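Notes for the one structure printed next.
The values are calculated or read from the model by the stated rules, or taken from the named source; none is laboratory data. What you see is a predicted model, and the numbers here were worked out from it, not measured in a lab. Glycine also receives a Cβ, built like all others from the backbone with ideal geometry; neighbour counts cover every protein chain displayed.
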Amino acid sequence: MAMHKLAIGNDHTAVELKNEIKAYLEEKGYEVVNVGTDSPERFNYPISGYKVAKLVQAGEVDGGILICGTGVGISLAANKVEGIRAVVCSEPYSARLSRMHNNTNIVAFGARVIGPETAKDIVDAWLGAEYEGGRHDARVAMLTEIEQTQSLAAAE
Ligand code: RB5
């Protein structure tokens, strides 16, 4: 199902890029809920990762966008929340395939890694793709099994 309402979060390294991506998406008609920091003061990325993840988990938004220096810490935080599949990437191919094959519900990238135009390409690729289901369902279900049981029957 196409995403229309998104949450966006960031740390102090990514205020400018967050604002540019938010404006870009709003121009395209998306509703974007900003839960990140708007200040250059040092800000702990797990807070934004967690907030966006909880909005996605609750179904209050269709998906999330997270930006820190590398995209790594903030995506790790989001992936600790049950039901979240956050991808961190630096190019659009992985973003697109992460929707089609892994049913990711959050995309993350690094403000110190990529520029705004690549970030827009990534967001476009991610939002433009749909989960394919089918053969991918069993694998995504395994991710959920690991998350919920801390074990994986198929690997025993
Ligand atoms: C902040 O210095 C930096 O550690 C953070 O933005 C991010 O890159 C962490 O993964």
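Is there a residue being within 13 Å of the chain's Cα centre (by Cα), among the aliphatic types (A, V, I, L, M) and outside any loop (DSSP other than H, G, I, E, B) anywhere in region 36-51?
Taking every residue of region 36-51 in turn, none turns out to be within 13 Å of the chain's Cα centre (by Cα), among the aliphatic types (A, V, I, L, M) and outside any loop (DSSP other than H, G, I, E, B).
Do any residues in region 87-107 that are basic (Lys, Arg) have Cβ atoms under 8 Å from those of residues that are assigned to a helix (DSSP H, G or I), where the two are at least six apart or on different chains, and which pairs are they?
96/125; 96/126; 96/128; 99/126
To keep it simple, each residue is scored yes or no on (1) under 14 Å from residue 106 (Cβ atoms); (2) among the aromatic types (Phe, Trp, Tyr); (3) in contact with a Pro (Cβ under 9 Å, 6 or more places away or on another chain); (4) without any contact (Cβ under 8 Å) to a residue 12 or more places away in the chain.
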{"residue": "21", "(1), (2), (3), (4)": "yes, no, yes, no"}
{"residue": "41", "(1), (2), (3), (4)": "no, no, no, no"}
{"residue": "55", "(1), (2), (3), (4)": "yes, no, no, no"}
{"residue": "59", "(1), (2), (3), (4)": "yes, no, no, yes"}
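Let's see how each residue does on (1) more than 13 Å from the chain's Cα centre (by Cα); (2) within 12 Å of the ligand (Cβ to nearest atom); (3) buried (at least 22 other Cβ atoms within 10 Å of the Cβ):
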{"residue": "3", "(1), (2), (3)": "no, no, no"}
{"residue": "8", "(1), (2), (3)": "no, no, yes"}
{"residue": "19", "(1), (2), (3)": "yes, no, no"}
{"residue": "25", "(1), (2), (3)": "yes, no, no"}
{"residue": "30", "(1), (2), (3)": "yes, no, no"}
{"residue": "72", "(1), (2), (3)": "no, yes, no"}
{"residue": "99", "(1), (2), (3)": "no, no, yes"}
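Give the residue that is nearest to the ligand (Cβ to nearest atom), with candidates limited to residues of region 44-66 that are aliphatic (A, V, I, L, M) and touching a Ser or Thr at 6+ places or on another chain (Cβ under 9 Å). Reasoning before the result, please.
Residues of region 44-66 aliphatic (A, V, I, L, M): 47, 52-53, 55-56, 58, 61, 65-66.
Filter again for touching a Ser or Thr at 6+ places or on another chain (Cβ under 9 Å), leaving 47, 66.
Numbers: 47: 12, 66: 10 Å.
Filtering first and then ranking leaves 66.
Considering only region 123-138, I want to know if a residue exists there that is buried (at least 22 other Cβ atoms within 10 Å of the Cβ) and either assigned to a loop (DSSP other than H, G, I, E, B) or β-branched (Val, Ile, Thr) (or both).
Yes: region 123-138 contains one or more residues that are buried (at least 22 other Cβ atoms within 10 Å of the Cβ) and either assigned to a loop (DSSP other than H, G, I, E, B) or β-branched (Val, Ile, Thr) (or both).
In the set 119, 108, which member is modelled with pLDDT of 95 or more, assigned to a helix (DSSP H, G or I), closer than 17 Å to residue 34 by Cβ and within 16 Å of the ligand (Cβ to nearest atom)?
Exactly one of 119, 108 is modelled with pLDDT of 95 or more, assigned to a helix (DSSP H, G or I), closer than 17 Å to residue 34 by Cβ and within 16 Å of the ligand (Cβ to nearest atom), namely 119.
I'm trying to understand the selection: among the residues of region 74-97, which are crowded, with 18+ Cβ neighbours inside 10 Å, outside any strand (DSSP E or B) and within 10 Å of the ligand (Cβ to nearest atom)?
Those that are crowded, with 18+ Cβ neighbours inside 10 Å, outside any strand (DSSP E or B) and within 10 Å of the ligand (Cβ to nearest atom): 74, 75, 77.
For region 32-43: of the residues being polar (S, T, N, Q) and within 16 Å of the ligand (Cβ to nearest atom), which is farthest from residue 65 (Cα to Cα)?
Narrowing region 32-43 to residues polar (S, T, N, Q): 34, 37, 39.
If we keep only those that are within 16 Å of the ligand (Cβ to nearest atom) as well, we get 37, 39.
Numbers: 37: 14, 39: 18 Å.
Ranking the candidates gives 39 first.
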